[in-house]
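**Q** Dumping the structure here so I can ask a few things about it.
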Amino acid sequence: MRYRLNPSSLQGRLTLTYLVLTLLGLGGLIGWTGLRLQGAALEQAELNLMREATLIANALREPLEGWYEGERHEGRPIEILIRSYAIRPEERVTLLDAGFQVLVSSDRRVPPGTLQSTPELFGAREGRKFRHVRQESWDLVERLFVASPVTDEEGRLMGFVQLSIPTTSIYAQIRQTWIGLFFAGGVMLGITALVSFWLARQISRPLENLTKTSEQIASGSLHERVDPEGAEELRRLAVVFNRMADKIQEMLMRQKAFALHAAHELRTPLTSLRLRLEMLQTHARGDAELTARYLSQMEQDVDHLQRLIQNLLVLSALEEGDYPPRVRLDLSPLLYTLVDELSPLALRASLKLHVDIPAHLPPVEVNADQMRTVVRNLVDNAIKYTPAGGRITLSARVHEEKEVHITVADTGVGIPEEALPHIFERFYRVDKRAARRQGGAGLGLALVREIVRAHGGHVEVYSRPGEGSTFTVRLPIAKGS
Ligand code: ADP
């Protein structure tokens, strides 16, 4: 996979941040470790040289005593001895007397008799360990010098052993250490780069997918969903996103279905109107009785259409949250007026309308027209779905001083259990043909539910097939009453 890191992208920023942080941390660590190791290497070299100088000084005690006691002229053995002590390449061993004058040196360039007054010798005379790094004017390399006193049995100072090695050998070792450290640092930085790139990708990829899916959904592919992946928060985001997409899709499908249903419901009365119009133009021409009959049927069709359209308009207004004005109202008088209006219908259907409403009810905040629609739809249904001889009860009461309950109960056909969850849905009818014959479009209860909901209330149904149904509308009592 070819991949270019865009520094302004989330992934780019994360990767660069990780890298910079690692670089700083690693740089600090390498610097600190390197300096410590460098110090330790110098110290070790000095210690080794010091130890060697002390050993040589001890070994030289007797030869030097002999040499002082008259073998000075022979000189040779001690020179050989000194030269043999210079084991490492370029190591220089010099023997000096107590006055810092060179007696013998392994390095021919340091002739006997030369006076050396150098810091490490003063240090050795004062009994301190002392090292000194310098480059002598005639020498080609810089050297580390140490010195150790040579004493006789009684501890009297007889001279000094001066030891030196070129610093280049120490520095070469230190350089090796630094190279090793930088190499290890480089490898670690490389690994960090890979890991941080991968980590950043773990975060940025789910977000990229989310963006891509959003774009696809926006351009109409409603079924697209994202795969939950990456960190938990990102997976949760994906799940919530998918749920939201589900909701949107469902809503759009519902709207589509609603439009289809509405068109279908409008088609029936329109077809019937058209047929009757044709009949009027052909068969009923000149026949006054037939004309009157068709006209009356056409009036019913138009009524039906008008009701349907009115219901659809109210439903969509409620859906938009467009509520008509409300007032505080005692529902009793409104209910009694409705009873007057509906009694003849019940009577015509050979049903008894029983009324149980108190003279006064606590006020509720309602739109009176909409409340009338609610009660009228419920009583209409009760009349429609109760066979002749049955009984309908309209009652109202106060519940726990918080709600007003309006109940419409009938002894009709009832509603099958499996249909109960659906009866408040738009266009839902238990028995399509029977309902249509009754002139229902399945919008009555949907309207009831939307209106009651808009008033902050609930509507409930209890029904058993063959025994009847009870619908209860619960409305909150207006505050401050
Ligand atoms: P419709 O216009 O068909 O009456 P509704 O929305 O008012 O539509 O009612 C939906 C369905 O609920 C009806 O088709 C009917 O089957 C059932 N229903 C409503 N009220 C009653 C009732 N009182 N008794 C029996 N069934 C009822």
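The values are calculated or read from the model by the stated rules, or taken from the named source; none is laboratory data. Given the structure is predicted, the values throughout are model-derived calculations rather than measurements. Methodologically, a virtual Cβ is constructed for each residue, glycine included, from the backbone with ideal geometry; neighbour enumeration extends over all protein chains shown. SASA here: full protein model, heavy atoms, side chains in, ligands and nucleic acids out. Shrake-Rupley method; radii C 1.70, N 1.55, O 1.52, S 1.80 Å.
**Q** In degrees from 0 to 90, rounded to the nearest 10, what is the angle of the helix 167-218 Cα long axis to the longest principal axis of the chain?
**A** For helix 167-218, the angle is close to 10 degrees.
**Q** More than 15 Å apart: what percent of Cα pairs in the range 379-437 qualify?
**A** Numbers: 1048 of 1711 pairs.
Here the long-distance tail beyond 15 Å is 61 percent of all Cα pairs in the range 379-437.
**Q** Can you pull a Stokes-Einstein diffusion coefficient for the range 232-317 at 37 °C (0.692 mPa s), Rh from Kirkwood over Cα pairs, as a whole number of µm²/s?
**A** 200 µm²/s
**Q** In whole Hz, with x marking every Gly and Pro, tabulate ³J(HN,Hα) for the range 92-106 from phi via Karplus 6.51 cos²θ - 1.76 cosθ + 1.60, θ = phi - 60°.
**A** 10, 10, 10, 10, 10, 7, 5, x, 6, 9, 5, 9, 9, 9, 6
**Q** Roughly how many percent of the accessible protein surface of the range 58-188 is carbon and sulfur, given a 1.4 Å probe and a whole-percent answer?
**A** 55 percent
**Q** Would you compute, for the Cα atoms of the range 345-481, the largest minus smallest coordinate along each principal axis and list the three values in descending order, in whole Å?
**A** Between the extreme Cα coordinates on each principal axis of the range 345-481 lie 48, 29, 26 Å.
**Q** Over the range 325-476, with every protein chain in place, what whole percent of the accessible area is carbon and sulfur at 1.4 Å, could you tell me?
**A** 51 percent
**Q** Which trypsin sites (Lys or Arg not before Pro) in the range 397-431 pass both tests, a DSSP loop state and at most 15 other beta-carbon atoms within 10 Å?
**A** Within the range 397-431, the qualifying trypsin sites (Lys or Arg not before Pro) (loop, at most 15 other Cβ atoms within 10 Å) are 402.
**Q** Taking residue 479 as the anchor, which lysines have their alpha carbon closer than 27 Å to its alpha carbon, excluding any fewer than eight residues away along the same chain?
**A** Of all the lysines, those that pass the test against residue 479 - Cα under 27 Å, at least 8 places apart if same chain - are 402.
**Q** Determine the shape class of the range 1-122: with a ≥ b ≥ c the square roots of the Cα gyration tensor eigenvalues, call it rounded for a/c under 1.5, and otherwise prolate if a/b is greater than b/c, oblate otherwise.
**A** Prolate.
**Q** What are the lysines whose alpha-carbon lies under 27 Å from the alpha-carbon of residue 352, with same-chain residues fewer than 8 places away excluded?
**A** 384, 432
**Q** Can you pull out the GluC sites (Glu not before Pro) in the range 381-481 that DSSP calls coil and that have at most 16 other Cβ atoms within 10 Å?
**A** Loop-located and lightly packed - 400, 401, 425, 467.
**Q** Evaluate the charge dipole of the range 1-142 about its Cα centre and quote only its size in Debye, nearest 20, assuming +1 on the Cβ of each Lys and Arg and -1 on the Cβ of each Asp and Glu.
**A** Value, rounded to 20: 1160 debye.
**Q** In whole angstrom, how long is each semi-axis of the equivalent ellipsoid of the range 161-235, when you take the square root of 5 times every eigenvalue of its Cα gyration tensor and sort them from largest down?
**A** 59, 10, 6
**Q** Same structure again: I'd like the distance separating the alpha-carbon centroids of the range 68-140 and the range 418-479, in whole Å.
**A** About 118 Å separates the Cα centre of the range 68-140 from the one of the range 418-479.
**Q** Something else now. Counting every Cα pair in the range 283-355, what percent are over 19 Å apart?
**A** The proportion of pairs with Cα distances above 19 Å equals 69 percent.
**Q** Can you figure out the FRET efficiency of residue 355 with residue 376, using R₀ = 25 Å and their beta-carbon distance, to the nearest 0.05?
**A** For residue 355 and residue 376, the calculated efficiency is 0.95.
**Q** Continuing with the same structure: Could you name the lysines in cross-link range of residue 212, using Cα to Cα under 29 Å and dropping any fewer than eight places away on the same chain?
**A** Within the straight-line cut-off, residue 212 pairs with 247, 256.
**Q** I'm checking a number: the convex hull volume of the Cα atoms of the range 46-184, normalised per residue, in Å³. What is it?
**A** Expressed per residue, the convex hull around the Cα atoms of the range 46-184 is 114 Å³.
**Q** With N denoting the number of residues in the chain, provide Rg(C-alpha) divided by 2.2 N^0.38 Å, to two decimal places. Mind dumping the intermediate values first?
**A** Numbers: Rg = 54.5 Å, N = 481, 2.2 N^0.38 = 23.0 Å.
Computed over Cα atoms of the chain, the ratio equals 2.37.
**Q** Take the chain, mark every one of the chymotrypsin sites (Phe, Trp or Tyr not before Pro) that falls in a DSSP loop and has at most 10 other Cβ within 10 Å, then report the longest stretch left between them, sites excluded.
**A** Details: sites that count: 3, 138.
The segment 139-481 is the longest one with no such site.
**Q** What translational D, rounded to a whole number of µm²/s, comes out for the range 159-199 from Stokes-Einstein when the hydrodynamic radius is the Kirkwood one over Cα pairs, at 4 °C and 1.567 mPa s?
**A** D, rounded to a whole number, is 98 µm²/s.
**Q** Separate question: Among 266, 296, 239, which residue has its Cα positioned farthest towards the positive end of the charge dipole of the range 232-317, with +1 placed on the Cβ of Lys and Arg, -1 on the Cβ of Asp and Glu, and the dipole taken about the Cα centre?
**A** 239
**Q** For helix 288-319, report the angle its Cα long axis makes with the longest principal axis of the Cα atoms of the chain; keep it between 0 and 90° and round to the nearest 10°.
**A** Long axis of 288-319 versus the principal axis of the chain: about 30 degrees.
**Q** Can I ask one more? So what's the angle, to the nearest 10 degrees on a 0 to 90 scale, between helix 76-85 and the longest Cα principal axis of the chain?
**A** Value to nearest ten degrees: 10.
**Q** Sticking with this one: Give a quick list of trypsin sites (Lys or Arg not before Pro) in the range 243-317 that DSSP marks as loop, anything other than H, G, I, E or B, with at most 16 other Cβ atoms within 10 Å.
**A** Passing sites in the range 243-317 are 285.
**Q** A further question on this structure: For the range 232-317, what is the charge dipole size about the Cα centre, in debye to the nearest 20, if Lys and Arg each add +1 at the Cβ and Asp and Glu each add -1 at the Cβ? Could you put the intermediate results ahead of the total?
**A** Details: 12 positive and 11 negative charges, 61 e Å.
I would put it at about 300 debye.
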